[in-house]
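Student: This is the structure I have questions about; it appears just below.
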Amino acid sequence: MNAIFVFLIIVSFMFYFFYKTKYFRTKFPAEKKWLSAKSSIALGIFVTSFGFNTIINPLSTVAIVVGIIMIVVGAGSIWAGVKAYRFYLPFAREEAEKYANQ
């Protein structure tokens, strides 16, 4: 079980880094917001997985409390990222079609 969370931690951090790199390389504003939402989801998965990993291997009560806080913060980041992703996706599509037709 621990290996699953370690794998999720590594993969989600890689996706976060990938989307942040794409965010800084693009020049279109709607695509920037869309990529920022995707990186927020990846960061939320990273923090949530880290929190679950902390709770599975409890060293103390403080570790459990910190793990719960990380899970709550990560879940909030995932939730906000998904809402932003759904909101900016049509604008990013429209922007991509507009510049593809030029």
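The values are calculated or read from the model by the stated rules, or taken from the named source; none is laboratory data. As the structure is a prediction and not an experimental result, all values here were calculated from the model. FYI the Cβ positions are ideal-geometry reconstructions off the backbone, even for glycines, and counts take in every protein chain you see. To get the accessible areas, we keep the full protein, side chains included, count just its heavy atoms, and leave off ligands, DNA and RNA. Shrake-Rupley method; radii C 1.70, N 1.55, O 1.52, S 1.80 Å.
Student: Only one of these is within 8 Å of the chain's Cα centre (by Cα), of a type outside the set (Gly, Ala, Ser) and under 16 Å from residue 81 (Cβ atoms): 35, 43. Name it. Steps first, please.
Tutor: Numbers: 35 fails: within 8 Å of the chain's Cα centre (by Cα).
Among 35, 43, only 43 is within 8 Å of the chain's Cα centre (by Cα), of a type outside the set (Gly, Ala, Ser) and under 16 Å from residue 81 (Cβ atoms).
Student: Does any residue in segment 59-88 that is closer than 17 Å to residue 8 by Cα come within less than 6 Å, Cβ to Cβ, of a residue that is open to solvent by 50 Å² or more (accessible area, probe 1.4 Å) and of a type in the set (A, V, I, L, M) six or more places away or on a different chain, and which pairs are these?
Tutor: 67/55; 77/43
Student: Among the numbered criteria (1) open to solvent by 70 Å² or more (accessible area, probe 1.4 Å); (2) at pLDDT below 95; (3) of a type outside the set (A, V, I, L, M, F, W, C), which one does residue 83 miss?
Tutor: Every listed condition holds for residue 83 apart from (2).
Student: So which pairs qualify, if the first residue must be in segment 13-30 and under 27 Å from residue 48 (Cβ atoms), the second must be among the β-branched types (Val, Ile, Thr) and outside any helix (DSSP H, G or I), the Cβ gap must be under 6 Å, and the two must be at least 6 apart or on different chains?
Tutor: none
Student: Related question: With respect to residue 54, determine if the residue is at pLDDT 95 or above and β-branched (Val, Ile, Thr).
Tutor: Numbers: at pLDDT 95 or above: no; β-branched (Val, Ile, Thr): yes.
In short, no.
Student: Does segment 37-59 contain at least one residue that is assigned to a helix (DSSP H, G or I), surrounded by 14 or more Cβ atoms within 10 Å (Cβ to Cβ) and among the basic types (Lys, Arg)? If you could, list the steps in order and put the result at the bottom.
Tutor: Our first condition is that a residue be assigned to a helix (DSSP H, G or I); within segment 37-59, this holds for 37-56.
Then drop every residue that is not surrounded by 14 or more Cβ atoms within 10 Å (Cβ to Cβ), which leaves 37-55.
Of the ones still in play, those that are also among the basic types (Lys, Arg) are 38.
Yes, there is a match, as at least one residue in segment 37-59 is assigned to a helix (DSSP H, G or I), surrounded by 14 or more Cβ atoms within 10 Å (Cβ to Cβ) and among the basic types (Lys, Arg).
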